[in-house]
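Take a look at the structure set out below.
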Amino acid sequence: MGDPVLALKAARLTLAGNAGPVEILKGISLEVAKGETLGLIGPSGSGKSSLLMLMGGLERATSGSVVALGHDLTKLDEDALARFRRGNMGVVFQSFHLIPTMTALENVAVPLELAGVEDAFGRAEAELRTVGLGSRMDHYPSQMSGGEQQRVALARAAAPRPAILLADEPTGNLDGVNGAAIMDLLFGLRDRHGATLVLVTHAPELAARCDRVVRLADGMVSGEERKAA
């Protein structure tokens with residue numbers, strides 16, 4: 001299989017709470033292969049989103065290791081982490097996280113410019129056309145529906161051609177029709193760019209499309225299943 005794209009060993013996450021430290025993740029060991037699609041499922045509060053944040057270097061493990069593309073994220077400082085994410089990861093959130101004062105085109109192009117990508121606006125335009133927003137590039141987030149905003153977020157995540165694509169409840173704020181469209185786009189982007197995709201979802205139909213599903217409960221892996229060949 002080769003080296004995994006993501007590898008966690010005994011990763012723990014403890015955060016400060018009002019009543020003292022709260023152990024969110026309790027020793028997660030998990031590997032994700034190149035090109036694999038992994039779904040993270042489980043009840044609310046089980047640690048799914050926290051695990052995704054560890055994989056993306058958006059939270060730092062309290063102990064254990066989180067290795068992405070051969071780099072131990074627990075040993076990188078904040079600047080090095082930011083550079084690593086910018087060059088290797090795309091993240092899609094449930095709540096879009098678009099910049100309201102920027103158009104759809106600017107929301108996708110400006111991060112590319114900051115990363116030093118040549119013809120950032122040309123690439124951003126092509127990516128927006130791919131997600132069906134060729135006629136909405138000059139619109140601001142407030143002028144777009146939730147489904148359209150999530151399409152912009154997908155284009156922004158995919159435009160840098162990341163090796164790892166992380167998605168946290170990407171259809172959670174959308175109705176059934178828009179959710180299905182976003183699912184198709186997400187897997188299409190994965191196929192087109194050859195990225196490894198890890199997603200958190202409560203949607204059974206989305207989990208069913210993944211190569212492997214890992215179930216979390218109370219901050220630990222409680223089971224997993226692989227899609228039949």
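Is there a residue being under 21 Å from the mean Cα position of the chain (by Cα), under 20 Å from Asp168 (Cβ atoms), polar (S, T, N, Q) and in a strand (DSSP E or B) anywhere in the stretch 25-32? No, that holds for no residue. Against the list (1) under 17 Å from the mean Cα position of the chain (by Cα); (2) assigned to a helix (DSSP H, G or I), the condition Pro170 fails is (2). Of everything in the stretch 149-167 that is assigned to a helix (DSSP H, G or I) and among the basic types (Lys, Arg), the residue that is farthest from the chain's Cα centre (by Cα) is Arg151. Would you check which residues across the stretch 193-228 are touching a residue at least 60 places away in the same chain (Cβ under 8 Å), in a helix (DSSP H, G or I) and more than 19 Å from Gly146 (Cα to Cα) and list them? Listed by number, the list holds a single entry, Ala207. Residues in the stretch 136-155: is at least one among the charged types (D, E, K, R) and open to solvent by less than 30 Å² (accessible area, probe 1.4 Å)? The answer is no, given that none of the residues of the stretch 136-155 is among the charged types (D, E, K, R) and open to solvent by less than 30 Å² (accessible area, probe 1.4 Å). Taking the stretch 1-22 as the range and being in contact (Cβ under 8 Å) with a residue 60 or more places away in the chain and of a type in the set (Val, Ile, Thr) as the test, only Val5 passes.
Here is a yes/no grid of residues against (1) among the charged types (D, E, K, R); (2) in contact with a Ser or Thr (Cβ under 7 Å, 6 or more places away or on another chain); (3) modelled with pLDDT of 90 or more:
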site	(1), (2), (3)
Leu174	no, no, no
Arg192	yes, no, no
Cys210	no, yes, yes
Val221	no, no, yes
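Selection within the stretch 1-24: residues that are open to solvent by 30 Å² or more (accessible area, probe 1.4 Å) and in a loop (DSSP other than H, G, I, E, B). The member of this set that is nearest to Ile164 (Cα to Cα) is Pro4. Within the stretch 195-218, the residues that satisfy the criterion of being open to solvent by less than 50 Å² (accessible area, probe 1.4 Å), among the small types (Gly, Ala, Ser), within 19 Å of the chain's Cα centre (by Cα) and over 14 Å from Val32 (Cβ atoms) are Ala203, Ala207. When the stretch 100-134 is limited to residues that are at pLDDT 95 or above, open to solvent by 70 Å² or more (accessible area, probe 1.4 Å) and assigned to a loop (DSSP other than H, G, I, E, B), the one that is farthest from Ile182 (Cα to Cα) turns out to be Thr101. Select from the stretch 72-99 the residues that are open to solvent by 50 Å² or more (accessible area, probe 1.4 Å), outside any loop (DSSP other than H, G, I, E, B) and farther than 23 Å from Leu189 by Cβ and list them in ascending order. Lys75, Glu78, Asp79, listed by residue number.
Within the stretch 167-182, restricting attention to residues that are open to solvent by less than 20 Å² (accessible area, probe 1.4 Å) and among the aliphatic types (A, V, I, L, M), the residue that is nearest to Val5 (Cα to Cα) is Ala167.
The values are calculated or read from the model by the stated rules, or taken from the named source; none is laboratory data. Remember, predicted model here, so these are calculated numbers, not experimental data. Glycine also receives a Cβ, built like all others from the backbone with ideal geometry; neighbour counts cover every protein chain displayed. To get the accessible areas, we keep the full protein, side chains included, count just its heavy atoms, and leave off ligands, DNA and RNA. Shrake-Rupley method; radii C 1.70, N 1.55, O 1.52, S 1.80 Å.
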